[in-house]
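The values are calculated or read from the model by the stated rules, or taken from the named source; none is laboratory data. What you are looking at is a predicted structure, and each value in this text was computed from that prediction instead of being measured. Backbone-built Cβ (ideal geometry, glycine too); neighbour counts: all protein chains shown. Accessible surface areas use protein heavy atoms only, side chains included; no ligands, DNA or RNA. Shrake-Rupley method; radii C 1.70, N 1.55, O 1.52, S 1.80 Å.
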Amino acid sequence: MRICVVGTGYVGLVAGTCFADSGNDVICVDIDEAKVEALRQGRVPIYEPGLEELIKRSVEEGRLTFTTDLATAVRHALVCFIAVGTPQGEDGASDLRAVFKVAEDVGRVMDGYRVVVIKSTVPVGTHVQVRDILTRSTKFPVDVVSNPEFMKEGAAIEDFLKPDRVVIGASDERAAEIVKDLYAPFCRAGAPILVMDNASAEMTKYASNALLATKISFMNEVANLCERVGADVSLVRQGVGLDTRIGLSFLYAGLGYGGSCFPKDVRAIIHTAGDHGIDFSLLRAVDDVNNRQKRRLFEKLQGFYNGSLKGRTFGVWGLSFKPRTDDMREAPSIGLIEDLLRSGCSVRVHDPEAMDVARSIFADKITYHRQNYEALDGADALLVVTEWNEFRRPDFDRIKRLLKEPVIFDGRNIWEPKTMRELGFTYFPIGRPSAVQR
Ligand code: NAD
């Protein structure tokens with residue numbers, strides 16, 4: 001099938017590449033000329049495991065191309081995916097300007113029937129606005145399908161190629177069948193393709209992210225209570241999560257959720273609820289808890305150093321909002337580093353993939369270290385902010401030699417308090433007993 005994907009970010013690039021990989025003829029469109037040029041030259045602008053090889057293969061086989069020319073792409077395709085960003089607007093609502101602009105532009109250049117698929121995360125009812133814009137901008141027939149994306153950054157290719165389920169919202173059966181057909185190769189192992197109305201599809205995405213965010217905030221509150229009462233959240237997690245009604249996933253305590261989806265989607269659904277006279281107080285609490293949790297490590301630092309942080313140096317391991325991505329949008333590392341800088345600290349950072357992104361945020365206010373141990377040289381303590389796998393089994397003797405004192409604040413609970421005590425570290429995890437050397 002001939003398709004075009006408008007918006008070549010995390011979602012658009014992964015979706016376009018995976019559709020090309022399954023034999024479709026795909027054109028990816030973006031307004032960012034530098035991004036398109038980089039992709040044409042074989043440089044992938046984001047880090048996502050497996051993506052580069054997949055792009056290379058499809059480009060070489062002539063099934064995947066990149067352009068800034070929307071008209072050519074739309075005329076080439078039967079199905080046009082809209083995968084542009086829907087960032088949070090000032091009032092917490094989604095900013096849909098990019099989606100509406102693409103709809104208008106697509107409508108203007110269409111030269112026959114098209115299926116326009118909204119893949120961006122958009123509030124319930126957006127399909128009606130997109131359909132209105134399209135029908136105002138073209139004389140040709142058009143169907144609007146809502147097809148929210150559930151991929152996780154860091155495992156996006158795997159999620160796209162082997163989804164738990166695919167959600168297709170459509171009012172026209174033929175359009176639903178066309179999109180269903182595109183996903184069929186990824187669902188051969190039995191993943192269901194759920195066809196529903198557009199509004200339910202749009203709602204499914206928000207409800208799903210909001211529930212996952214709720215699990216995280218819930219467990220973070222439990223962790224904070226565990227610290228006060230002397231319980232260990234990692235044991236509690238197992239005790240709770242092994243109940244099959246609950247499950248173990250998304251119950252890790254840490255520094256809260258970040259990224260481009262959970263924070264903004266939670267706020268967007270609160271906003272949508274407000275527009276319809278519903279105070280979604282549960283999700284307001286989820287958002288509040290998360291904002292507080294992002295500051296937990298800094299609070300622990302203040303506590304340990306009795307508020308006197310000025311002149312201290314900290315080595316930070318992990319900057320991306322989660323492992324296996326270079327995405328730092330709403331990452332807990334950002335607020336932490338800002339707090340440290342405001343308190344007069346020096347900050348030395350290391351991340352396996354997000355250093356370039358960090359440079360665009362902090363410029364020369366902090367120092368960047370290609371090697372994780374280098375970031376600890378002469379530091380007062382190590383702060384673990386992202387649970388990259390490569391941090392899990394470090395050379396603890398080397399860490400001790402590099403730090404001024406053997407002190408670690410672990411925002412992701414990657415090590416065992418008991419082991420850390422035995423190794424001679426003062427160790428502060430989240431929701432677990434600390435190990436303090438006296
Ligand atoms: P992104 O910011 O990485 O990419 C968006 C791209 O759209 C950018 O490259 C931008 O240049 C391009 N763009 C903007 N306006 C354009 C226009 N008029 N024409 C062509 N291109 C245009 O965003 P993303 O992370 O890929 O997210 C896209 C959507 O998918 C959002 O609604 C997001 O909520 C949703 N989503 C994201 C994820 C994720 O993990 N990132 C997962 C599920 C859903």
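Data overview
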{"item": "Full-stretch length increase - Ala273, Ala189 - with 0.36 nm per residue and alpha-carbon distance subtracted", "result": "26.6 nm"}
{"item": "Surface share of carbon and sulfur [accessible, 1.4 angstrom probe, percent] for the chain", "result": "51 percent"}
{"item": "At most 14 other Cβ within 10 Å, DSSP loop - trypsin sites (Lys or Arg not before Pro), region 29-113", "result": "Arg43"}
{"item": "Flagged links, alpha-carbon separation over 29 Å, of Lys162/Lys418; Lys152/Lys418; Lys264/Lys400; Lys152/Lys294", "result": "Lys162/Lys418; Lys152/Lys418; Lys264/Lys400"}
{"item": "Rg to Rh quotient for region 2-196, alpha carbon positions, Kirkwood Rh", "result": "0.93"}
{"item": "Theoretical FRET efficiency, 1/(1+(r/R0)^6), r = Cβ-Cβ of Gln437 and Glu52, R0 45 Å, to 0.05", "result": "0.50"}
{"item": "Long-range Cα-Cα pairs in region 302-369 (distance over 15 Å), rounded percent", "result": "49 percent"}
{"item": "Whole-Hz couplings from phi, Karplus 6.51/-1.76/1.60, listed for region 243-252; x for Gly and Pro", "result": "5, 5, 6, 10, x, 8, 6, 6, 10, 8"}
{"item": "Among Ser281, Ser260, Ser171: highest mean-square fluctuation, GNM of the chain, C-alpha pairs under 10 Å", "result": "Ser281"}
{"item": "Label-point separation, Asp377 to Asp243 (7 Å along Cα→Cβ), nm", "result": "5.1 nm"}
{"item": "Long-range amide H partners of Ala379 with built H, under 5 Å", "result": "Lys404"}
{"item": "Reduced Cα scattering model of the chain, Debye log10 I(q)/I(0), q = 0.09, 0.13 Å⁻¹", "result": "-0.63, -1.16"}
{"item": "Residues with amide H under 5 Å from that of Tyr368, placed H, sequence gap 5 or more", "result": "Val349"}
{"item": "Karplus (6.51, -1.76, 1.60) ³J(HN,Hα), θ = phi - 60°, over region 151-168, in Hz, Gly and Pro reported as x", "result": "5, 9, 4, x, 9, 5, 5, 4, 4, 6, 6, 10, x, 5, 7, 10, 10, 10"}
{"item": "Bridge type composition, the chain - antiparallel percent by DSSP, nearest 5", "result": "5 percent"}
{"item": "Dipole of region 305-421 [Lys/Arg +1, Asp/Glu -1 at C-beta], most positive-end residue of Phe321, Gln371, Ser343", "result": "Ser343"}
{"item": "Top of Gly259, Gly169, Gly277 by mean-square fluctuation, Gaussian network on the chain, Cα under 10 Å", "result": "Gly277"}
{"item": "Rg/Rh (Cα only; Kirkwood hydrodynamic radius) as it applies to region 141-197", "result": "0.99"}
{"item": "Amide proton proximity set for Ile430, modelled H, under 5 Å, gap of 5+", "result": "Asn413"}
{"item": "Largest to smallest accessible area among Asp21, Asp351 [probe 1.4 Å]", "result": "Asp21, Asp351"}
{"item": "For the chain, built as a Gaussian network whose Cα springs stay under 10 Å, the top-fluctuating residue of Gly307, Gly258, Gly378", "result": "Gly307"}
{"item": "Under the span-like rule (Cα at least 27 Å along the axis, Kyte-Doolittle mean at least -0.5), DSSP H helices of the chain", "result": "198-229"}
{"item": "Largest-first ellipsoid semi-axes for region 185-256, taking √(5λ) over the Cα gyration tensor eigenvalues, angstrom", "result": "32, 15, 9"}
{"item": "Principal axes of region 205-292: Cα extent on each, largest first, Å", "result": "42, 28, 24"}
{"item": "Calculated diffusion of region 1-80, Stokes-Einstein form, Kirkwood radius summed over Cα pairs, 20 °C and 1.002 mPa s, µm²/s", "result": "178 µm²/s"}
{"item": "Cleavage-rule hits (trypsin sites (Lys or Arg not before Pro)) in region 261-357: DSSP loop, at most 12 neighbouring Cβ within 10 angstrom", "result": "Lys310"}
{"item": "Per DSSP, loop GluC sites (Glu not before Pro) in region 70-151 with at most 13 further Cβ within 10 Å", "result": "Glu90"}
{"item": "Taking the C-alpha atoms of region 50-93, convex hull volume expressed per residue in Å³", "result": "138 Å³"}
{"item": "For region 294-428, the spread of Cα positions along each principal axis, largest first, Å", "result": "39, 32, 24"}
{"item": "Surrounding net charge for Arg57, when Lys and Arg each add one and Asp and Glu each subtract one, Cβ distance under 11 Å", "result": "-3"}
{"item": "Region 170-212 residues near the modelled Lys162 label - backbone nitrogen below 14 Å, point 7 Å along Cα→Cβ", "result": "186-191"}
{"item": "Scattering curve values for region 99-187, log₁₀ I(q)/I(0), Debye with Cα scatterers, q = 0.17 Å⁻¹", "result": "-0.75"}
